[in-house]
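*Asks:* Input: one structure, supplied below.
Nothing in this text is a laboratory measurement; each read-out follows from the coordinates by a stated rule. Small disclaimer: the values here were computed from a predicted structure and weren't measured. Cβ placement follows ideal geometry from the backbone for every residue including glycine, while neighbour counts extend to all protein chains displayed.
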Amino acid sequence: MPEHDVLIIGAGLAGQRAALAAAREGVSVGIISKVHPVRSHSVAAAGGINAAISVADDWRSHAYDTVKGSDFLGDQDAIEVMCSEAPGEVMHLEHIGVTFHRNDAGELDLRAFGGASMNRTAYVADITGQAILHVLYEQLMKHSSSVERFEEWFVTSLIIDDDGGCAGVIARDIRTGRMETFAAKNVILASGGAGQCFKPTTNALICTADGITQAYRAGAPLMDMEMIQYHPTTLAENGFLITEGARGEGAHLLNSEGERFMSKMAPNKMELASRDVVSRAEQIEINEGRGVGPDGRGIYLDITVVPRKRTLEALREIVNIGKDFAGVDITREPIVIQPGQHYIMGGVKTDKDGRTPIAGLYAAGEVACVSVHGGNRLGANSLLDTLIFGRRAGEHAAARARSLAMPSVSEAQLRRDAEMIEQIIARPRAGRRISEIKEELGTTMNQHVAVFRDEQGLTAAREVVVRLKEEAATAYVDDRGTVFNQDVLGAIELGYMLDAAETMVVAALERKESRGAQFRTDFPERNDAEWLKHININCGEDGEPKVSYSPVTITQWQPEERKY
Ligand SMILES: Cc1cc2nc3c(=O)[nH]c(=O)nc-3n(C[C@H](O)[C@H](O)[C@H](O)COP(=O)(O)OP(=O)(O)OC[C@H]3O[C@@H](n4cnc5c(N)ncnc54)[C@H](O)[C@@H]3O)c2cc1C
């Protein structure tokens, strides 16, 4: 049985940064990923990472912008940690080999991003996530004597011991189908987000809420699950992301009348207001008949106003995406975009060191909710979140490991998970297909749990999710083998997505106000008197979501009206 001081689930930026931090503390580290580490969704991150590194900037300004962006739901103590530690983290990345873009004077270049009061986004063209992920992967090679990698292993559940602490995980070797029990003094969940609960989404196929639901089923609370980010610029047909870097470089948004309609909702920041505000403005144009493209469901993103040379240098990936997936040369004509699901602000509730209320269980990155993003995440604050809280969780878990003995773990849970998989494989080909259920889940969530919401739609969504959970219990798989059986993993992932989607709908129904990404047309105002609080969801003993609340931590910035 593999044993580790710190066992990390996920090898995206949060997981690899946690692994590097723990390895530097000299403890034994295991890192498990269901895909090769550099294929984690972090590799797709394009636009950049925020840090107040310019001499004219101050981390407090970054923190205030983040608090305002969060619509005052973010916890200010955690935001202060993230923003004050950001410059050091970005310089650290530079020193270990990330080739951030430099300006003509040879200094780190910083681009404009939404909701920021000055340019503070460091970037590597529009492949920033890829650049950082590869450097972290290389750096971890230095620690190969203490860091053991389990690439293409799928975690099926967390092990909770009799004292209620986390003592390891059960995982399946995807290549062979062999199950294994992993004992660990500490487990860090870094297993990413839940975008696949929606269709379309910018998120990779692997973003299926695994860690969120594993923690939830193990008894950990989820927080801010109603806060789902719709990114203002995704390709209409397939959900591909067109980075906010495009608007950062100066691109305009236009309606069918050729009007820069952002002047109505954000006269000062225009296209660079926060994402919730821009997505809402676009959806209003579309709903009121001023959309463009097929069925008028889109908006023009006009990048031709950016000098062509600059676009080819700083936005080269989206030049390719425009050509390959929309047949448009973005340097010469506008491209049709629409708001699309992109990110989940909520997740497993943690403190500033990544600790969950379950002893020995940490979470960091998109799976977690610290909460630094509150009701709305600013662009380029997520890469920062993964690195800062990944590192802090890694360091904290390593220190905790020193005073603990390795837990002794039985094989009972492995047998239970193996049986669960055998039962899925043995299902008769009678029920619905996994893919059909996933499709219905995605389109339902995208219809009712999107930019605008109301009680009727959310109630309908909940009914669909509850029915789909029943149907998923008998859904069949075609592949009955053991080698790379992605079919059976798809069935397990569907279960994770359905549980997570249910908590999103329950939280969105619960919050009877409009704040950040949650806009309730039946409660259109923000209501600080009643709703300046987090919604937490626990899994009840009957398997049903149970709602409770926790206070928002306010240090220096009192809630005020949000204007851009
Ligand atoms: C297209 C796109 C562009 C983006 N651009 C930016 C940007 O420019 N700036 C920014 O700040 N943010 C950006 N974001 C958001 C940001 O990239 C993500 O929030 C962040 O990278 C998430 O990192 P993570 O380490 O938490 O998870 P991920 O990178 O998603 O990694 C999750 C890991 O968990 C593993 N895993 C999951 N489930 C299991 C399981 N059951 N068993 C074993 N392993 C498992 C996966 O294999 C993977 O290694 C972007 C997101 C997208 C989708």
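*Asks:* Taking all pairs of different Cα atoms in the range 1-130, averaging 1/r and flipping that mean, what Kirkwood radius in angstroms comes out?
*Replies:* Evaluated on the range 1-130, it is 16.3 Å.
*Asks:* Distance cut-off 27 Å, Cα to Cα: go down the list 68/512; 264/349; 68/546; 512/563; 34/142; 142/309 and report the pairs above it.
*Replies:* From 68/512; 264/349; 68/546; 512/563; 34/142; 142/309, over 27 Å: 264/349; 68/546; 142/309.
*Asks:* Rg over Rh of the chain, using C-alpha atoms and the Kirkwood radius, what does it come to?
*Replies:* 0.95
*Asks:* While we're looking at this one, here's another question. Please report, in debye to the nearest 20, how large the charge dipole of the chain is about its Cα centre when each Lys and Arg carries +1 at its beta carbon and each Asp and Glu carries -1 there. Kindly include the intermediate steps, with their values, before the conclusion.
*Replies:* On the way: 60 positive and 80 negative charges, 117 e Å.
For this selection, approximately 560 debye.
*Asks:* For the range 429-564, what mean projected area does the convex hull of the alpha carbons give, in nm²?
*Replies:* 11.4 nm²
*Asks:* Please report, ordered by residue number, every helix of the chain (full DSSP H runs) that is 24 Å or longer along its axis going by C-alpha atoms and whose mean Kyte-Doolittle hydropathy reaches -0.5.
*Replies:* Membrane-span-like by this criterion, though nothing is claimed about a membrane: 76-96, 382-402, 455-472, 486-510.
*Asks:* Please report the base-10 log of the normalised intensity I(q)/I(0) for the range 218-269, using a Debye sum with one equal scatterer per alpha carbon and no solvent, at each q in 0.17, 0.19, 0.26, 0.29 (1/Å).
*Replies:* Log10 I(q)/I(0), no solvent term: -0.75, -0.86, -1.17, -1.21.
*Asks:* Quick check for me: using +1 on Lys/Arg Cβ and -1 on Asp/Glu Cβ, what's the dipole size of the range 366-492 about its Cα centre, in debye to the nearest 20?
*Replies:* Charge dipole of the range 366-492: 400 debye, to the nearest 20.
*Asks:* Trypsin sites (Lys or Arg not before Pro), restricted to the range 121-209: which are DSSP loop and have at most 13 other Cβ atoms within 10 Å? Present the calculation step by step, with values, prior to reporting the outcome.
*Replies:* Details: sites: 142, 149, 172, 175, 178, 185; in loops: 142, 175, 178.
Counting only loop positions with at most 13 other Cβ atoms within 10 Å, the trypsin sites (Lys or Arg not before Pro) in the range 121-209 are 142, 175, 178.
*Asks:* So if I place +1 on the C-beta of Lys and Arg and -1 on the C-beta of Asp and Glu, and nothing else carries charge, what would the dipole magnitude of the range 151-261 be about its Cα centre? I want it in debye, nearest 20.
*Replies:* I would put it at about 200 debye.
*Asks:* First obtain the Kirkwood hydrodynamic radius of the range 397-501 from its Cα pairs, then insert it into the Stokes-Einstein equation at 37 °C and 0.692 mPa s, and state the resulting D in µm² per second as a whole number.
*Replies:* Numbers: Rh = 16.3 Å.
So the translational diffusion coefficient is about 202 µm²/s.
*Asks:* Oh, and also: Determine the percent antiparallel among the DSSP beta bridges restricted to the chain, to the nearest 5.
*Replies:* Taking every DSSP beta bridge within the chain, about 65 percent pair in antiparallel fashion.
*Asks:* If you don't mind, there's one more thing I want to ask. Using 0.36 nm per residue, how much length does the chain from residue 447 to residue 521 gain when fully extended, once their Cα-Cα distance is taken away?
*Replies:* In short, 25.2 nm is gained.
*Asks:* For labels at residue 99 and residue 416 in the simple 7 Å Cα→Cβ model, what's the distance in nm?
*Replies:* Distance between the two pseudo-spin positions: 5.0 nm.
*Asks:* Rounded to whole Å and ordered largest first, report the semi-axes of the equivalent ellipsoid of the range 74-188 derived from its Cα gyration tensor (root of 5λ).
*Replies:* Those come to 37, 20, 13 Å.
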